[in-house]
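Participant: This is the structure, below, for whatever I ask next.
Throughout, read-outs are computed from the coordinates displayed, never taken from laboratory work. Not measured: the values here are computed from a predicted model. As a convention, Cβ positions derive from the backbone with ideal geometry for all residues, glycine included, and neighbour counts pool all protein chains shown.
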Amino acid sequence: MSAFDIRSPSVSDDGLGIVLHPGPYKRLVYHVLGFPLGILSFLGVVIGVSLGLTLSVLFVGIAILAGTVVLLRVFAIVEARLAATFLDETIQSPRKLDTSPSEPISHVRNACTDEQTWRACAFALVRLPVGVIQFTVVVTLTALSLALVTAPLHYDGVQLFQFGPWWHLGSLSEALLAVPVGVLLWAFSLHVFDLLGTAMERFTRTLLTPVE
């Protein structure tokens, strides 16, 4: 399989049958979690590194940097476990440093020479924009699919659907027509969630798998 092939062979050829497959729904949850996790990891790194470097002339700054290193590895472990739970993929957690956070100076020195620290840092910083993309795709497609499928329940008097000059749901017959369109859109959305999950798995594996 090519490294650029992000198709998931388990469900990518199921067509409408994908709506009965649990995998894409687990990926949906994973994508929704991507946004808050992205915020936490981004703020943790930016605040930790900024405060640590600013106060580095004091011992407390070194302690903050050591704590930030620990936080980075915690985030990496959490991401690996989320991939195992929601993407059904095993990603090896980062190896432990030779020093303990109770020895902040040595811990920070070892972390700065460990490639895995910088890769975890890069992942934490990129996690926010990636999480925004995941969340936006999931919320947009899910909301639109749900609105179309339930159109007969709320079309009357609600200016909810106005697809330019082409389609406006102003009657029960048009609302009923929207239902199968919504089902098709939902099936398409699940394929998108599945492919996006496979891309995220490879992205996570590339940055977080320890280098031998």
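Participant: What is the distance, in nm, between label points placed 7 Å from the Cα along the Cα-to-Cβ direction at Leu51 and at Ile133?
Facilitator: It is 3.1 nm.
Participant: Gain in length, Leu16 to Leu172, computed as 0.36 nm per residue apart minus the alpha-carbon separation, to one decimal in nm?
Facilitator: Working it through step by step, the gained length comes to 53.6 nm.
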